[in-house]
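Supplied in structure tokens, the structure appears directly below.
Nothing in this text is a laboratory measurement; each read-out follows from the coordinates by a stated rule. Worth saying up front: this structure is predicted, and the values here are computed from it rather than measured. As a convention, Cβ positions derive from the backbone with ideal geometry for all residues, glycine included, and neighbour counts pool all protein chains shown.
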């Protein structure tokens, strides 16, 4: 039990990975999926009282530090109000996770002891007691989360994902105050909700690809700015994987366009298609340049200096100064690819 106690992220992410891997289609059962890290690290909500940040310090060097903490800084800072009370923020969860992430390198007891020692060294009463109480709640949450995940089977099914997310949110609401629940998990829950809604749009057989693209654009536009940036980053990574798989399977340009629309929406699809055209145009110009360069290099009627002058003129006439900066690297890459079997 202890070894599983602090595993992040939830099995929600594992089932989500299966759905994404199969492009929203029903996937075969699998018990060997390794979930990606879906933990959302977001800025703390603005404090409603004057906040006094407590300067963070390196983790305690009492005993030998786990390798993963060596040379690192604590992720987050405690903040206090004017009366010395702890202001509940997402930073506190990050501090907890920073110390508890050493599970596997050292025992759970040692990780918790190191974290308690850090809290003791950073905070005075009443903030110290408040932080320790939050830590007890967080550890209780992790223990109950393990039992919840054990009772909810890992299924690549949208309804099962919704059930799991609702159960996890209900568990958090039972253990934490509304303030702590909001501070610790609001951004993560908002992003999970966005992901589930996006998957529902992708799997809706009644919608044409263009309608799905418009719905996803609107959905992402409703996210806060910081979550929009995170969503864009994740969707681009997901898109690269799925487009690569589709191309390897012989997918047509129209299939790739529909996949892009369903993942990143119409606006981003248009930008990606424009980028495709720019890359294609660059490759075409590069191939013409390489052919002409080889012709010059093979010319027996030119001296080495004449060849160098002709190649320099070819580059100046065909490429901008910025393009010439990348031209040599592109030529070397093309030559290396040509040598491959």
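Treating segment 148-227 as a set of equal point scatterers at the Cα positions, no solvent, please give the Debye-formula log₁₀ I(q)/I(0) at q = 0.18, 0.25, 0.27 Å⁻¹.
-0.87, -1.17, -1.23
Can you figure out the FRET efficiency of residue 143 with residue 70, using R₀ = 30 Å and their beta-carbon distance, to the nearest 0.05?
With R0 = 30 Å, the Cβ-Cβ based efficiency is 0.60.
Here's a follow-up. What FRET efficiency comes out for the pair residue 151/residue 190, r = Cβ-Cβ distance, R0 = 45 Å, nearest 0.05?
0.95
Order of 193, 72, 269 from fewest to most other C-beta atoms within 10 Å?
Arranged by neighbour count, lowest to highest, 193, 72, 269 become 72, 193, 269.
Any idea what % of Cα-Cα pairs in segment 127-270 are farther than 25 Å?
The calculated P(r) of segment 127-270 puts 43 percent of pairs beyond 25 Å.
Right, next: Suppose each label sits 7 Å from its Cα in the direction of the beta carbon; what would the residue 163-residue 283 distance come out to in nanometres?
Result for the modelled spin labels: 4.6 nm.
With a 10 Å Cβ neighbour count serving as the proxy for reagent exposure, in which order, fewest first, do 300, 189, 254 appear?
Going from least to most buried by this count: 300, 254, 189.
What FRET efficiency, computed as 1/(1 + (r/R0)^6) with R0 = 35 Å and r the Cβ-Cβ distance, is obtained for residue 171 and residue 275, rounded to the nearest 0.05?
0.20
For a quick size check, give me the Cα extents of segment 253-339 along its three principal axes, largest first, whole Å.
On the principal axes, segment 253-339 reaches 57, 28, 17 Å in Cα extent.
A follow-up question, please. Can you tell me the length gained on complete extension of the stretch residue 200 to residue 330, counting 0.36 nm per residue apart and subtracting the Cα distance?
Full extension of this stretch gives 42.6 nm more.
What nm value, rounded to one decimal, do you get for the distance between residue 245 and residue 302 when each label is placed 7 Å out toward the C-beta?
It is 4.8 nm.
Relative contact order for segment 200-341: what is it in percent, counting Cα pairs under 8 Å that are at least 6 residues apart?
Rounded, it is 22 percent for segment 200-341.
What whole number of Å gives the distance from the Cα centroid of segment 228-303 to the Cα centroid of segment 70-130?
46
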